[in-house]
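The values are calculated or read from the model by the stated rules, or taken from the named source; none is laboratory data. Here the structure is a predicted model, which is why all the values come from computation and not from measurement. Backbone-built Cβ (ideal geometry, glycine too); neighbour counts: all protein chains shown.
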Amino acid sequence: MSETYRSGLVAIIGRPNAGKSTLLNRLVGQKVSITSHRAQTTRHRIVGIHTTAEAQVVYVDTPGIHRGESDKPLNRVMNRAARASLAGVDAVVLVIGAEGWSERDEPALAAARQAECPVILAINKIDRLAERERLLPLIATSRERMAFAEVVPLSATKGDNVEELERVIVRLLPQQPPLYDAEQITDRSERFLAAEFVREQVFRGFGQEVPYAVAVEITEFRDEPKHIHIDAVIWVEKDGQKAILIGKGGAGLKEIGRRARLEMQKAFGRKVWLGLWVKVREGWSQDAQAVKSLGYGEDG
């Protein structure tokens with residue numbers, strides 16, 4: 001391996017729904033973090049790994065940082081996970097929208113200022129701008145807010161200028177051997193990803209009807225000769241939410257399962273048999289013990 005090989009850890013931070021997960025998936029070249037139009041879709045610290053002949057970048061996608069710790073244990077866990085992801089990284093990518101700065105960006109900016117490494121500002125969603133000239137004053141005011149190592153306008157959805165972002169990142173990484181095997185794209189297990197793919201389809205299909213407090217628990221994951229057998233429980237907090245997800249004649253749950261199974265098969269490269277159930281656990285998102293039992297808070 002070349003003595004000039006570079007590798008390191010890079011945290012992606014920003015307000016909820018800034019496009020961090022979409023950017024991570026684009027940088028890695030494969031889906032490792034779920035996305036939806038729902039804010040705070042990402043709840044865990046997700047690692048995505050992109051390896052080339054010259055460098056390996058280990059990206060850490062974080063839950064959106066929002067104001068205050070909140071009185072909900074789930075929100076406290078997500079804020080802690082996001083801030084803990086800044087420890088020991090070699091660079092930080094702070095993501096904001098091309099519409100400009102808002103109060104919702106301030107907690108992430110404050111966290112970026114405390115980082116002991118270079119911070120790159122990624123101005124996302126430039127594809128939504130009717131006039132690209134509007135970027136120039138935004139870049140200027142952004143540099144006044146903080147001494148960013150670089151400012152990169154891009155579109156995570158379209159892929160515009162994402163390669164330039166990675167070139168900037170690689171230049172900031174230390175010269176050292178790769179941290180992971182070249183073929184590895186995430187540190188997360190297939191079991192974890194399966195639960196996330198189900199939760200993604202709940203948010204995508206029922207984002208307006210079902211509140212944020214939905215969790216997915218994998219109760220069975222068997223790697224069989226011809227397929228992967230997965231059983232999962234979707235936990236909600238009220239009977240009415242359960243009825244919405246199941247739908248008339250079970251149509252809603254079947255559609256969630258169909259879409260999630262297709263995502264799993266694409267990610268795992270194998271056929272998947274998926275069984276889904278919906279159960280009620282009242283107030284689980286406000287119960288610290290229940291939050292922990294459903295897998296939150298275990299990854300810092």
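Restricting attention to the range 78-85, does a residue exist that is modelled with pLDDT under 65 and of a type in the set (D, E, K, R)?
Checked the range 78-85: at least one residue is modelled with pLDDT under 65 and of a type in the set (D, E, K, R).
Could you list all residues from the range 194-243 that are modelled with pLDDT of 85 or more and among the polar types (S, T, N, Q)?
Selection gives GLN201, THR219, GLN241.
Please go through the range 228-256 and pick out each residue that is in contact (Cβ under 8 Å) with a residue 24 or more places away in the chain and part of a helix (DSSP H, G or I). I'd like the intermediate steps shown before the answer.
Initially, the range 228-256 is screened for residues in contact (Cβ under 8 Å) with a residue 24 or more places away in the chain, giving 228-239, 241-242, 244-246, 252-253, 255-256.
The answer is ASP239, GLN241, LYS242, ILE244, LEU245, ILE246, GLY252, LEU253, GLU255, ILE256.
Kindly indicate which of LEU121, LEU74 is surrounded by 20 or more Cβ atoms within 10 Å (Cβ to Cβ) and modelled with pLDDT of 95 or more. If you could, list the steps in order and put the result at the bottom.
Numbers: LEU74 fails: modelled with pLDDT of 95 or more.
Sole residue among the options that is surrounded by 20 or more Cβ atoms within 10 Å (Cβ to Cβ) and modelled with pLDDT of 95 or more: LEU121.
Say we look at the range 92-118 and pick out the residues that are hydrophobic (A, V, I, L, M, F, W, C), buried (at least 20 other Cβ atoms within 10 Å of the Cβ) and part of a helix (DSSP H, G or I); which of these is nearest to the chain's Cα centre (by Cα)?
In the first step, residues of the range 92-118 are kept if they are hydrophobic (A, V, I, L, M, F, W, C); the result is 92-96, 98, 101, 108-112, 115, 117.
Subset that is buried (at least 20 other Cβ atoms within 10 Å of the Cβ): 92-96, 108-109, 111-112.
Right, trim to part of a helix (DSSP H, G or I) and you get 108-109, 111-112.
Values: ALA108: 15, LEU109: 18, ALA111: 18, ALA112: 18 Å.
Across the range 92-118, the extreme among qualifying residues is ALA108.
Considering only the range 152-186, state which residues are in contact with a helix residue (DSSP H, G or I) (Cβ under 8 Å, 6 or more places away or on another chain), under 20 Å from THR62 (Cβ atoms) and of a type outside the set (Ser, Thr, Tyr). Break it down into steps so the answer makes sense when it comes.
The initial filter retains those residues of the range 152-186 that are in contact with a helix residue (DSSP H, G or I) (Cβ under 8 Å, 6 or more places away or on another chain), namely 152-162, 165-166, 185-186.
Now restrict to residues that are under 20 Å from THR62 (Cβ atoms): 152, 154, 156-157, 162, 165-166, 185-186.
The answer is VAL152, LEU154, ALA156, VAL162, LEU165, GLU166, ILE185.
Pairs please, first residue from the range 114-139 and without any contact (Cβ under 8 Å) to a residue 24 or more places away in the chain, second anywhere and of a type outside the set (Phe, Trp, Tyr) and not in a loop (DSSP other than H, G, I, E, B), Cβ atoms under 6 Å, 6+ apart in sequence or on different chains.
Listed by first residue and then by second, the contacts come to ILE139/VAL151.
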